[in-house]
Amino acid sequence: MKKLKCVPADVQKMLNEHFGAKRSVIELEELKLPDSCFLPANDLTHSFTSYLKEICPKWAKLRKNHTEKSSVVMLVICGSALRCLELIRSMATFKGDGKVMKLFAKHLKIQEQIQMLEKDVVHVGVGTPGRIKALIQQEGLKLTCLKYFILDWNHRDQKLRRLIDIPEVQTFVSVHVACWVLMVTFYSLYSRLLRERK
């Protein structure tokens with residue numbers, strides 16, 4: 001059985017495996033994430049709520065300051081709709097007045113979810129890779145306000161698979177983590193240029 005706890009090297013390895021044959025050495029180097037981009041993994045001694053409280057101690061302030069529609073501050077990726085519901089129920093005490101939205105295909109059409117995201121300010125999205133990917137592609141979900149990208153990495157389903165053992169999930173996570181890295185890099189360079197012009 002594979003080791004349970006996810007470490008930054010696991011995510012980097014996944015990125016390298018996905019993009020290795022498609023990118024040059026220099027391009028792969030640009031996709032390297034420093035360890036400072038990662039928060040400690042839940043070693044399963046915490047409940048989901050206590051884990052969120054530990055990694056996001058300023059949640060009340062983040063929640064209060066978030067006013068942009070069609071976006072979330074925290075995005076939680078799970079392997080199934082049932083696991084999403086389990087985590088949503090378990091985070092009731094953490095979310096406070098924050099709005100949590102289900103981002104999976106079961107019982108909800110994508111257009112309904114897009115309309116809900118446009119109508120209300122949503123703080124946390126909990127969903128499956130396929131539906132989140134579709135929402136991003138249709139511009140129903142923007143990542144501009146995203147501060148926490150949480151992978152339900154350590155949970156094993158009935159077949160003892162972790163989220164990241166599912167091939168479609170590996171592709172989704174690799175592509176979106178890479179896009180996020182490039183976005184952060186661009187933002188950092190742009191901010192530096194603005195500072196230099198002043």
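The values are calculated or read from the model by the stated rules, or taken from the named source; none is laboratory data. Because the structure is a prediction, the values reported are computed rather than measured. Here the Cβ positions follow ideal geometry from the backbone for every residue, glycine too, while neighbour counts run over all protein chains shown. Accessible surface is based on the protein model in full, side chains and every heavy atom, while ligands, DNA and RNA are left aside. Shrake-Rupley method; radii C 1.70, N 1.55, O 1.52, S 1.80 Å.
Scanning the range 133-147 turns up no residue that is farther than 26 Å from Pro167 by Cα and of a type in the set (A, V, I, L, M).
Here Lys142 fits the description: touching a residue at least 60 places away in the same chain (Cβ under 8 Å) and over 22 Å from Met91 (Cα atoms).
Considered as a group, the residues in the range 111-139 that are closer than 23 Å to Glu168 by Cα and part of a loop (DSSP other than H, G, I, E, B) include one that is least open to solvent (accessible area, probe 1.4 Å), and that residue is Thr128.
Screening Asp152 on (1) out of contact with any strand residue (DSSP E or B) (no Cβ under 9 Å at 6 or more places or on another chain); (2) within 28 Å of Leu33 (Cα to Cα); (3) among the acidic types (Asp, Glu) shows it passes everything except condition (1). Every residue in the range 94-103 that is over 14 Å from the mean Cα position of the chain (by Cα) and open to solvent by less than 20 Å² (accessible area, probe 1.4 Å), please. The answer is Phe94, Gly98.
For the range 87-95, state whether one or more residues are of a type in the set (S, T, N, Q) and free of Cβ contacts under 8 Å to residues at least 40 places away in the same chain.
Kept after step one, since they are of a type in the set (S, T, N, Q), are these residues of the range 87-95: 90, 93.
Filter once more, so that each one left must be free of Cβ contacts under 8 Å to residues at least 40 places away in the same chain: none.
There is no residue in the range 87-95 that is of a type in the set (S, T, N, Q) and free of Cβ contacts under 8 Å to residues at least 40 places away in the same chain.
Pairs linking a residue in the range 117-138 that is under 25 Å from Phe94 (Cβ atoms) and touching a residue at least 60 places away in the same chain (Cβ under 8 Å) to a residue that is among the basic types (Lys, Arg) and open to solvent by 10 Å² or more (accessible area, probe 1.4 Å), with Cβ atoms under 8 Å and 6 or more positions apart or on different chains, are His123/Arg63; His123/Lys95; His123/Lys99.
Could you go through the range 74-93 and let me know if any residue there is in a loop (DSSP other than H, G, I, E, B), in contact with a helix residue (DSSP H, G or I) (Cβ under 7 Å, 6 or more places away or on another chain) and open to solvent by less than 20 Å² (accessible area, probe 1.4 Å). If you could, list the steps in order and put the result at the bottom.
The initial filter retains those residues of the range 74-93 that are in a loop (DSSP other than H, G, I, E, B), namely 78-80, 91.
Subset that is in contact with a helix residue (DSSP H, G or I) (Cβ under 7 Å, 6 or more places away or on another chain): 78-79, 91.
Filter once more, so that each one left must be open to solvent by less than 20 Å² (accessible area, probe 1.4 Å): 78, 91.
Looking through the range 74-93, at least one residue is in a loop (DSSP other than H, G, I, E, B), in contact with a helix residue (DSSP H, G or I) (Cβ under 7 Å, 6 or more places away or on another chain) and open to solvent by less than 20 Å² (accessible area, probe 1.4 Å).
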